[in-house]
Amino acid sequence: MTSTPVRLHSWLRLQCEGVPLAARADSLCRAFQDCPEVRQAVYLSWQPQARIYSHEGAAQHLPPGLGDPLLASDQLLFERLADEGRLDLDQVRQLDCWLSGRLRRAAISYGQVFDLALEPGQAGLLLVEVCEGVSLDWLGWVQDLLTTLLSTVNGVLRGSPLLGHDPQPSLLLDAQGRPLELNAALLALLAERPLTDVSGFLPVNQQVLVRACLEQQRAIEGVEAQFEERILIWTFIPDLQENRVLARCREATAQVLAEREAAKARRLYRLIIENTTDLISRHTPEGYFLDASPASWTLLGYWPEELRGLPAHGLFHAQNLASLVQRARDALEQDGYHTMTYRIRHRAGHYLWFETACRAIRETYTGTVVEVVSVSRDITSRVEAEENKRRLAEVVEANTDPVLFIDPSGQVTYLNPAARRILRLGEQQPMPALSEFFASDDLERLQREGWSTAERDGSWNLETRLQPPSGGPSVPVSLVLLAHRPAGGERYYSLVARDMTERELRDVQQRHHQDELAHTARLVTLGELASGIAHEINQPLAAVVNYANASQRYLQALGTNPQAAERVAQGLERITLHANHASEVIKRLRAFLRKGQRRMQALDVAEVAREAVRMCAWEASNCQVTIEEQLPDNLPPVYADRVLLEQVLLNLLRNAIDANRESHRGQPSMIVLAADLASDGRVEISVHDQGPGVSEAELEKIFTPFYTSKVDGLGLGLSMSRSIIEGFGGELQARRVSVGLLMRCYLPLVGPLKIISGVNE
């Protein structure tokens, strides 16, 4: 059975049973709208006094026409319909009437209107808009059919005369559970939905219910059905004579939802009572237990049955009993609620800290307190944590080391007295920013790696200096940045600083002592260095003597040789050059032995290395040793003392020359002097010889003072060299290779220039 016959059948029943005109009009329009060719159908009744057609039912109204509504008239349309019975919408739009303007504003142009009186004695029209291209001839047949049905409607379908007047949504179902007729209330319930949606309002097992109703010859009631957010309760009444069933429903959404919420609330209340970790209890106004939740066993060691009839104050600590009970009674009597913190005795004998919120239940008319409901919570851990927090706060306050608390945004939130003292801040001064007492480089390092490292590892260390915001000398400190995550989850940080002023003073004294020892060691090694220095001095002196003798010969030949004067000038120039070289050697020897300050400066490694090569070139040439230089000119400058660095390189080169001479006596050999930028950002200088090398055991000892493999050596050269390089903040290493020995020296790059007090090594 299609939906349209059911719609028409339902309209006929409504028309027959005389339900209100609006319901009949809605039913008829819905029947038309079930046709795929129809866009919309609207019924309008004639208003003789106003002389216009007005809407009936809940269908969407047409917009008002053009002009003054008080002058509106459909009289011309009414007369044309009375004469012709049916008009195309194009014809209506051409008429000078109110409805034509309404059609034009609604953009309705294709279809028909025909005269149809649903209410006896009251004219009306049915407007049907159809899809473009659909023939309009069938609408004439529809008009004839409807007119015929209306003329004979009084004798049609009287089998269920109360269906149309039933205020509850109702419908007739056949033996297979298919809809036959719908009353006006059900049609209103459907609203604009298609008729097929009526099955959604029925129970899902409607066919079974209809069959059972007819077979058992009894009514079935209280069947719940839900469609979207609406809940209906259905009753199925059998009509055995016609073999059909009358189905009636009532709206029960609010009732069912309320019952569900009540049942849910009861279940929730029961779950809360049975599963909450808090103790929920009821008491008499005098404090005796009436009931308690199962949490009483977990918290106090008593089952609820054991607590009934016991006085609650009998479990209180003696120190809390006197004032607590009376204060609670007074508060409940006056305010109706009271919250208290106290100690209560566990069944095992120990005491727990409880926090209890009480509320009084009063008699409705007199206001007398008849019962007290309490919710109690074990706060022993919280009380102990607060006590520990208080003790830790006292420890932080009394700590002699500065302690700072910092929030995730990097703002200082707390300074202990030691931190205020070291930063020279008064008690009332506001919290300073990190940039006010951190150097820019240290602050950048803190932001770049400090926070992330502390988050990942829990802590981060830094040795730096704190600058008081008000000025004055900075304070050397060793900082530890700690990351903390409280129970709330949001991290905060603490900075714990250790004042390193005393250690810095001790370091200065130690460096002074080391410089004194180094000065003594240099005097000891003077004998070892004397031969090399003699070579360096003898070379320019021998050159000076040779050039002086040659100049004397040329002076004697001035009269006979015209070029003799030029030769004498060249000889004097060479004498001056070599004399200055000898003077530089003597100056460096004196600087090496003299006490004073180490002059730290930015140095070009390549330049210093070439100078060291030049100073030992004579010795290398005598031993047939070639020094290959791999010294790039684009290396960054290092931070060191020039004289001491030259002395270290001279020592390494001369040791390499001795090693090559030992392995290649009377034969040519080579030493490689190289410099490069190491992976850790430092400058690396290496000296690689072709000597016999050293054993693994000797490798561990070569930097030990007074250890030497040379017959005439003192064993102080390498130990002094390592001490000098470490004084620059660098590192001196020895490494075994396949041929010879590789010495590597690591030097730091240029930082802030300064002069370090001490003694030259």
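Since every read-out is calculated from the coordinates, none of them should be taken as a lab result. On a predicted model such as this, the values are computed, not experimentally measured, just so you know. All Cβ positions, glycine included, derive from the backbone under ideal geometry; neighbour counts span all protein chains shown.
If you place +1 on the Cβ of every Lys and Arg and -1 on the Cβ of every Asp and Glu, how big does the dipole about the Cα centre of the range 405-495 come out, in debye to the nearest 20? Before the final figure, lay out each step's value.
Working: 9 positive and 11 negative charges, 43 e Å.
For the range 405-495, the charge dipole is close to 200 debye.
Which order do peptides 131-141, 247-257 fall in by mean Cβ count within 10 Å, highest first?
Values: 131-141: 11.5, 247-257: 16.3.
Ranked from most to least packed, the peptides come out as 247-257, 131-141.
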Query - Cα gyration tensor shape for the range 170-258, rounded if a/c is under 1.5, else prolate or oblate - result: oblate
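Kindly provide the GluC sites (Glu not before Pro) of the range 19-90 that DSSP labels as loop, not H, G, I, E or B, and whose Cβ sees at most 16 other Cβ atoms within 10 Å.
Numbers: sites: E37, E56, E79, E84; in loops: E37, E56.
For GluC sites (Glu not before Pro) across the range 19-90 that sit outside H, G, I, E and B with at most 16 neighbouring Cβ atoms in 10 Å, the list reads E37.
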Report summary line: In terms of the charge dipole of the range 276-383, which places +1 on Lys and Arg and -1 on Asp and Glu at the beta carbon, the residue among G336, A292, H313 farthest towards the positive end is H313
Query - Distance-filtered residues of the range 364-379 - backbone nitrogen under 18 Å, label point 7 angstrom along D291 Cα→Cβ - result: 370-376
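By how many nm would the segment from E387 to A734 grow when fully extended, if each residue of separation counts as 0.36 nm and the alpha-carbon distance is taken off? Mind showing how you got there, number by number?
Working: separation 347, 0.36 × 347 = 124.92 nm, distance 5.85 nm.
Separation in residues times 0.36 nm, less the Cα-Cα distance, equals 119.1 nm.
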**Report entry** Distance-filtered residues of the range 23-51 - backbone nitrogen under 12 Å, label point 7 angstrom along Y110 Cα→Cβ
**Finding:** 37-39
Report task. Restrict the search to the range 315-367; then list the trypsin sites (Lys or Arg not before Pro) that DSSP places in a loop and that have at most 16 other Cβ atoms within 10 Å of their Cβ. Result -> R347
Requested in this report: Starting from the Cα of K701, step 7 Å along the direction of its Cβ; do the same at V256; then give the gap between the two resulting points in nm.
Outcome: 10.0 nm
Query - Simple label model, 7 Å out from Cα along Cβ direction - Y269 to Q411, nm - result: 4.7 nm
**Report entry** Neighbour cut-off at most 13 other Cβ (10 Å), DSSP loop, chymotrypsin sites (Phe, Trp or Tyr not before Pro), the range 284-385
**Finding:** Y365
Report task. Compare the peptides 193-202, 68-77 by average per-residue count of other Cβ atoms within 10 angstrom and give them in order, highest first. Result -> 193-202, 68-77
**Report entry** Whole-Hz couplings from phi, Karplus 6.51/-1.76/1.60, listed for the range 297-313; x for Gly and Pro
**Finding:** 5, 5, 8, 10, x, 10, 6, x, 4, 6, 7, 4, x, 7, x, 5, 5
Report task. Name the residues whose placed amide hydrogens come within less than 5 Å of the amide hydrogen of Q630, ignoring near sequence neighbours (fewer than 5 apart) on the same chain. Result -> L673, A674, A675
Query raised in the report: Taking 0.36 nm per intervening residue step and subtracting the Cα-Cα distance, what contour gain separates N549 from H55 on full extension?
Result: 163.8 nm
Report summary line: Given the candidates F236, A254, L182, the one whose Cα lies deepest towards the positive end of the charge dipole of the range 160-309, counting +1 at each Lys or Arg C-beta and -1 at each Asp or Glu C-beta, is F236
**Report entry** Contour excess over end-to-end distance, with Cα ends at Q207 and F227 and 0.36 nm allotted per residue
**Finding:** 5.5 nm
Query raised in the report: If you rank T366, T356, T298 by fewest surrounding Cβ atoms within 10 Å, what's the result?
Result: T366, T298, T356
Query - Bins of 5 Å, starting at 0 and running to the largest distance - Cα pair percent for the range 276-383 - result: 2, 13, 23, 27, 20, 10, 3, 1, 0
Query - FRET efficiency for S73 and D197, using Cβ-Cβ distance with R0 set to 41 Å, rounded to 0.05 - result: 0.50
Query raised in the report: Alpha carbon centre of the range 8-62 versus the range 250-298: separation in Å?
Result: 54 Å
Query - Two-site label geometry, R347 and T626: point separation in nm, points 7 Å out along Cα→Cβ - result: 9.9 nm
